[in-house]
Amino acid sequence: MDNNQPIIVKRVTRKDHGHHGGSWKIAFADFAVAMMAFFLVMWLITVATPEQLRSISGYFNDPIGFNEGGSPWAIDLGGSPEVAPQTTLNQTPQETGQQEVSEDTARELADQAERRDMEMLLQELQNQIDSEPVLQRFKDQILIEITQDGLRIQIVDAENRPMFASGSAQLQPYFEEILLSLSDTIAKVKKKISVSGHTDAQPYVGRRGYGNWELSSDRANAARRTLLAAGYPEEQVARVVGYADSALFNRDDPLSPINRRIDIVVLNRHAEEQIMEGADADAPTVAPLELEADAEASAADQPAQTSELPASSAPPQEEPSEPAAPQAPVAEGEQRRLNLFDNAEPLRRLNQ
């Protein structure tokens with residue numbers, strides 16, 4: 001039997017059903033981007049003002065020479081690619097191309113920025129009260145609003161949930177938790193605060209010589225100490241004051257628990273300036289006392305002062321055993337500093 005039979009190899013060709021590559025995906029992505037850009041342009045044209053539309057039209061008509069209310073640059077950073085001219089100290093703002101801003105305009109812009117900061121702080125505090133379980137339980141006792149002095153946070157008493165022990169300045173534990181939770185958020189704004197305490201109209205009869213004025217002041221100071229214990233900067237506390245029942249929250253019901261409250265005001269610039277001006281006005285204007293070595297020499301520079309005793313009972317004046325040392329002349333217009341021993345000689349003679 002012959003085993004040398006030919007080997008036949010049969011090749012089967014696959015039928016091609018078309019190309020399934022990924023080029024269509026790229027084309028579809030380009031189409032989607034183009035449609036998004038188209039609808040974005042349509043929306044911008046819809047919301048643009050007539051002046052903005054004219055500026056856009058002028059830019060596309062003449063991108064290089066366009067200067068009618070717009071900028072010839074794709075990204076306008078407010079400057080110019082040209083080299084700034086050399087300026088001198090004698091040139092006015094008009095000569096150097098700078099726009100002078102008045103003081104009133106600058107203060108108005110600062111007030112607007114400050115109010116935005118207060119509104120952001122208010123929103124952040126409200127979000128914190130809604131999210132934190134510690135504060136959420138007492139959200140009805142925390143009142144936040146923006147006033148003419150700044151952002152005011154009022155923590156009020158409830159019917160069966162007072163902030164302090166009855167008739168004392170000892171904080172309840174939950175009130176401490178409220179202050180500890182709020183202190184970090186308040187400290188984010190670098191503003192000074194004012195802490196004030198209020199009571200209802202019920203007279204305090206706990207002990208003699210101690211009333212609602214003292215009680216409200218002690219409670220405000222206790223709230224301040226708690227804030228400082230929570231890490232609030234001490235230099236940002238501008239004022240701690242007690243109002244007793246002179247500023248009732250509910251005037252129709254002077255005995256209402258809501259009248260017993262602690263106010264924390266994040267002061268704006270105007271309120272802070274008023275407090276500082278009041279502190280400067282209350283400061284003493286007398287120069288500091290100084291000690292001098294020779295009291296008699298200082299007294300000799302002052303005119304003799306008469307005693308309130310009758311002339312007949314006044315002892316005769318003694319001649320000084322040694323001439324007084326000459327005093328250094330005082331320059332014209334210069335105020336002489338007070339000496340602790342000024343006018344001490346007549347008093348010494350009266351006591352002899």
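The values are calculated or read from the model by the stated rules, or taken from the named source; none is laboratory data. No experiment lies behind these values; they were computed from the predicted model shown. Quick reminder, even Gly has a Cβ in these numbers, built from the backbone with ideal geometry, and neighbours come from all protein chains shown.
Note on the stretch 150-164: residues that are under 14 Å from GLU176 (Cα atoms) and not in a strand (DSSP E or B) total 3.
Any residue that is closer than 22 Å to THR185 by Cα and out of contact with any Phe, Trp or Tyr (no Cβ under 7 Å at 6 or more places or on another chain) - is there at least one of those in the stretch 252-259? Within the stretch 252-259 (the criterion being closer than 22 Å to THR185 by Cα and out of contact with any Phe, Trp or Tyr (no Cβ under 7 Å at 6 or more places or on another chain)), the answer is no, since none of the residues qualifies. Pairs are defined by a Cβ separation below 7 Å, a sequence spacing of at least 6 or placement on different chains, a first member in the stretch 142-165 that is within 24 Å of GLU272 (Cβ to Cβ), and a second member that is polar (S, T, N, Q) and crowded, with 18+ Cβ neighbours inside 10 Å; the pairs so defined are LEU143/GLN154; ASP149/ASN268; GLY150/ASN268; ILE155/GLN141. Taking each residue of the stretch 107-134 that is within 17 Å of LEU179 (Cβ to Cβ) and looking for partners that are acidic (Asp, Glu) with beta-carbon atoms closer than 6 Å, six or more apart or interchain, yields VAL134/GLU177. Hey, any hits in the stretch 142-149 for a residue that's closer than 20 Å to VAL265 by Cβ, in contact with a Ser or Thr (Cβ under 8 Å, 6 or more places away or on another chain) and buried (at least 16 other Cβ atoms within 10 Å of the Cβ)? Yes - at least one qualifying residue is present in the stretch 142-149.
Residue-wise test of (1) of a type outside the set (S, T, N, Q); (2) within 13 Å of GLY167 (Cα to Cα); (3) surrounded by fewer than 20 Cβ atoms within 10 Å (Cβ to Cβ).
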position: GLN202; (1), (2), (3): no, yes, yes
position: GLU214; (1), (2), (3): yes, yes, yes
position: ARG219; (1), (2), (3): yes, yes, no
position: ALA223; (1), (2), (3): yes, no, no
position: ALA230; (1), (2), (3): yes, no, yes
position: PRO254; (1), (2), (3): yes, no, yes
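Among the numbered criteria (1) surrounded by 13 or more Cβ atoms within 10 Å (Cβ to Cβ); (2) within 23 Å of ARG239 (Cβ to Cβ), which one does VAL134 miss? Tallying (1) surrounded by 13 or more Cβ atoms within 10 Å (Cβ to Cβ); (2) within 23 Å of ARG239 (Cβ to Cβ), VAL134 fails exactly one: (2). Looking only at residues that are hydrophobic (A, V, I, L, M, F, W, C), crowded, with 19+ Cβ neighbours inside 10 Å and within 17 Å of the chain's Cα centre (by Cα) in the stretch 256-277, which one is modelled with the lowest pLDDT? Filtering the stretch 256-277 for residues that are hydrophobic (A, V, I, L, M, F, W, C), crowded, with 19+ Cβ neighbours inside 10 Å and within 17 Å of the chain's Cα centre (by Cα), the one modelled with the lowest pLDDT comes out as ALA271. Looking across the stretch 254-275, the residues that are touching a helix residue (DSSP H, G or I) at 6+ places or on another chain (Cβ under 8 Å) and either part of a strand (DSSP E or B) or under 18 Å from ALA158 (Cβ atoms) (or both) come down to ILE262, ILE264, VAL265, VAL266, LEU267. Among the criteria (1) among the polar types (S, T, N, Q); (2) surrounded by 11 or more Cβ atoms within 10 Å (Cβ to Cβ); (3) at pLDDT 55 or above, the one THR96 does not fulfil is (3). Scan (1) among the small types (Gly, Ala, Ser); (2) exposed (fewer than 13 other Cβ atoms within 10 Å of the Cβ); (3) at pLDDT below 50; (4) part of a helix (DSSP H, G or I) for the single condition ALA281 breaks and write down its number. For ALA281, the exception is condition (3).
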